[in-house]
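Novice: Okay, here's the structure, questions in a sec.
The values are calculated or read from the model by the stated rules, or taken from the named source; none is laboratory data. Keep in mind that this is a model prediction, so the values were computed, not measured. Methodologically, a virtual Cβ is constructed for each residue, glycine included, from the backbone with ideal geometry; neighbour enumeration extends over all protein chains shown. Keep in mind that these areas ignore ligands, DNA and RNA; they rest on the heavy atoms of the full protein, side chains included. Shrake-Rupley method; radii C 1.70, N 1.55, O 1.52, S 1.80 Å.
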Amino acid sequence: MCGIVGVVSPAAVNQLIYDALLLLQHRGQDAAGIVTQLDRKFFMHKAKGMVRDVFRTRNMRALTGPCGLGQVRYPTAGNAFSEEEAQPFYVNAPFGLVLVHNGNLTNAQALKAELFSIDHRHINTESDSEVLLNVLAHELEKTTRGLPLRPADVFAAVRGAYQRIKGSYAVIALIAGHGLLAFRDPHGIRPLCMGRSKDGTVMLASESVALEGTLHQFERDVAPGEAVFVDLQGQVHSEICVQSAQLNPCIFEFVYLARPDSTLDGISVYQARLNLGETLAKRVISTVPPSEIDVIIPIPESSRPSATQLAHLLGIPYREGFVKNRYVGRTFIMPGQAVRKKSVRQKLNVIASEFKGRNVLLVDDSIVRGTTSREIVQMARDAGARKVYLASAAPPVRYPNVYGIDMPTKQELVAHGRTIEEIREIIGCDALIYQDVDAMKSAVASARMAPTGKLSGFDASCFDGVYVTGDVSADDIVRINENRLKVEEGDAENSRLALPNASE
């Protein structure tokens, strides 16, 4: 998962892109980058770290020009420790291209071999985003050889790219001297939207909050299979470049990834999480009598709306029982020290008075490996809870994700191949309540406020094992998992509890 933004404006865009990336920081904390364009020259700065740490005054002054793009990265494959894999990526022909990408190509390895043997293009990193950039560059070169660049040529190149790339992708690219290009995969798995400001600035971004927070009026979501080209005068051209496009957004965006104040494909993220709490209430009642629950406590941060609605419907007090340390940073290994895994207790602390002598129902947005859940349940017991029940606003995560979320292999997933009772025993709670898959889909779909296109369904592959692109084999999953980053859930840089979550 990543956050991307692109801008064409009558004025300098460096501060605007910086501000938008701050609003998208929840989508990636590993690295950040900005490219701007003045005349036909690109100015780039990118590095590992948070936006506020990567960009200093001297860097911002060097990023001149009225158009540009940026990205915040949370790596799911490749080398997380390489500065070279921070985005944007650049190639000098045709014209000069820079690109940012949110998603994951499921055929990146095959494309890399094809680029080398047929297209004669060199890939220098393990990033699928560099592969995507070179595919686009090759297709753009084919459509524009010896000709001036027209929007029709750009869309023809995108159609050629669509025929070659598989997986999930929301892409924003700059074509030197010509304008900004954005396009979205034919299933609309990863989000992308567009808006304008009063001075004529056009912005494209992963979430609507980046538009609204920078005083842009949200216009619409980019449709699945659609390409949008914004020329340097701010004129917007668009075309659907895939005949069989259909909208199947990633449901995990609404469960956890997106900020609650965003609207994606017409669906209010906050309302979706309220709805998940409402449907979860029915599951709780069928498992634990409400009379046996004294208090409902969310596990920070994105479970709060679901927990609030659940408490309201069950008539049970809602309390904050955990305080999150928002400043947990990297663990430094000094000479002579052993590598130490960070405990959840460094990221969360309990308010003991909310647990002592009570039967508590903890609510989380989802349960992935289960190791964090087990430690949190034990924290509640150590604080004096009589009984600890755990409810997940999402169904059991039983399958790997191949579309750009850093989801573990199936062997690492606590729910894979296990019954609910077996999972409960591993986590150590007195009762474990999961959301139902169909109820989850219905709850999120019913939060759609302003439809901008027909909703065909959702990519819920990590819950139901159905990969919406229809071209993911068991061998593909094995290969993608071999390339994914090997991280421990307790690592401060990658644990969900360590992220500056959307709800803050």
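Novice: Take region 111-145 and flag every residue that is in contact with a strand residue (DSSP E or B) (Cβ under 9 Å, 6 or more places away or on another chain), acidic (Asp, Glu) and outside any loop (DSSP other than H, G, I, E, B).
Specialist: Selection gives Asp128, Glu130.
Novice: Name the one entry in Ile4, Ile17 that is surrounded by 24 or more Cβ atoms within 10 Å (Cβ to Cβ), outside any strand (DSSP E or B) and under 22 Å from the mean Cα position of the chain (by Cα).
Specialist: Every option except Ile17 fails the conditions.
Novice: How about region 146-238: which strands (runs of 3 or more DSSP E) wholly inside it have at least 1 residues that are in contact with a Ser or Thr (Cβ under 6 Å, 6 or more places away or on another chain) and of a type in the set (Lys, Arg)?
Specialist: 217-221
Novice: Same structure again: Would you tally the residues in region 469-481 being part of a helix (DSSP H, G or I) and of a type in the set (Asp, Glu)?
Specialist: 2
Novice: Tell me which residues, restricted to region 12-58, are more than 20 Å from Ala173 (Cα to Cα) and without any contact (Cβ under 8 Å) to a residue 24 or more places away in the chain.
Specialist: Hits for region 12-58 are Gly49, Asp53, Val54, Arg56, Thr57, Arg58.
Novice: For residues that are at pLDDT below 95 and open to solvent by 20 Å² or more (accessible area, probe 1.4 Å), tally how many sit in region 20-40.
Specialist: 4
Novice: Can you tell me which residues in region 125-148 are closer than 29 Å to Pro191 by Cβ and open to solvent by 70 Å² or more (accessible area, probe 1.4 Å)?
Specialist: Correct list: Glu126 only.
Novice: Then there's this: Those residues that are of a type outside the set (S, T, N, Q) and either surrounded by fewer than 24 Cβ atoms within 10 Å (Cβ to Cβ) or in a strand (DSSP E or B) (or both), I need them from region 97-110; list them, please.
Specialist: Leu97, Val98, Leu99, Val100, His101, Gly103, Leu105, Ala110, listed by residue number.
Novice: Is there a residue being at negative phi, at pLDDT 95 or above and in a loop (DSSP other than H, G, I, E, B) anywhere in region 262-280?
Specialist: The answer is yes; a qualifying residue exists.
Novice: Shifting gears a bit: Give the number of residues within region 286-324 that are hydrophobic (A, V, I, L, M, F, W, C), assigned to a helix (DSSP H, G or I) and either touching a Gly at 6+ places or on another chain (Cβ under 7 Å) or exposed (fewer than 15 other Cβ atoms within 10 Å of the Cβ) (or both).
Specialist: Matching residues across region 286-324 total 2.
Novice: Among the residues of region 62-88, what is the count of those that are surrounded by fewer than 19 Cβ atoms within 10 Å (Cβ to Cβ), modelled with pLDDT under 95 and of a type in the set (S, T, N, Q)?
Specialist: The qualifying residues number 2.
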